[in-house]
1. Please specify each residue of segment 31-73 satisfying the condition of being of a type in the set (D, E, K, R) and either within 20 Å of K8 (Cβ to Cβ) or surrounded by fewer than 17 Cβ atoms within 10 Å (Cβ to Cβ) (or both).
2. Output the residue which, of all residues in segment 121-133 that are touching a strand residue (DSSP E or B) at 6+ places or on another chain (Cβ under 7 Å) and modelled with pLDDT of 85 or more, is surrounded by the fewest Cβ atoms within 10 Å (Cβ to Cβ).
3. Among the residues in segment 31-46, are any more than 13 Å from the chain's Cα centre (by Cα), within 15 Å of A124 (Cα to Cα) and assigned to a loop (DSSP other than H, G, I, E, B)?
4. Which of the residues belonging to segment 134-150 are more than 29 Å from K77 (Cα to Cα), touching a residue at least 60 places away in the same chain (Cβ under 8 Å) and surrounded by 23 or more Cβ atoms within 10 Å (Cβ to Cβ)?
5. Collect the residues in segment 12-30 that are over 11 Å from the mean Cα position of the chain (by Cα), buried (at least 17 other Cβ atoms within 10 Å of the Cβ) and part of a helix (DSSP H, G or I), keeping them in residue-number order.
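The values are calculated or read from the model by the stated rules, or taken from the named source; none is laboratory data. None of the values given here were measured: they were computed from a predicted structure. Heads up, the Cβs are rebuilt from the backbone with ideal geometry, glycines too, and the neighbour counts pull from every protein chain shown.
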Amino acid sequence: MSMECREKYIRQIANILTSKTKHTTGCLIEGEGDVCLEFQKELINALQDNHALVCHIDFKDYTSETDCIAALKRVRKQLSSNRQDGKSLFLILTSFERVEKKTMDAVKVLIGSRSLGINLLVSANKRFVHLVGLTEYLVTLNKSNAVFSELYRYSTQKVLASLKNDSWGEADES
């Protein structure tokens, strides 16, 4: 049952993110690194089930901030070259906090990505004001709260969906 709740919650987020066809959207995922990565992997699968083209990059895989920015530019170029396929394009970025000194360089690349029609899904261990401005939704992940995760839309200031902590924990045990 709880695995079903978890899958339903992730599918719900994927449906919300892929249903917007008129303009690009973005989602900031805030939480601990490992929890965010696990959540993003499940969300990637759900997005691909919705026929979205997804490229994932984890800044922890790079030794320097310059390498992170270069990799981000490569992924953006790769995604933008596939625009003619008619699929929703998603750039999934993990561990944004890794580019501490080059935050603005990364933000500039993300702004360029949005202007190319690429949707953003960025995870970080804290809310970066620049990312809040680039995204329409916020997903919070917190293992210690009664509510493990909430999907929040900035413009309406409302929680659109949530997942109780016991649903996530029980699903991990299965």
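1. E32, D34, E38, K41, E42, D49, K60, D61, D67, K73
2. Looking at residues that are touching a strand residue (DSSP E or B) at 6+ places or on another chain (Cβ under 7 Å) and modelled with pLDDT of 85 or more, I get K126.
3. Checked segment 31-46: at least one residue is more than 13 Å from the chain's Cα centre (by Cα), within 15 Å of A124 (Cα to Cα) and assigned to a loop (DSSP other than H, G, I, E, B).
4. Selection gives S149 alone.
5. I16, T18
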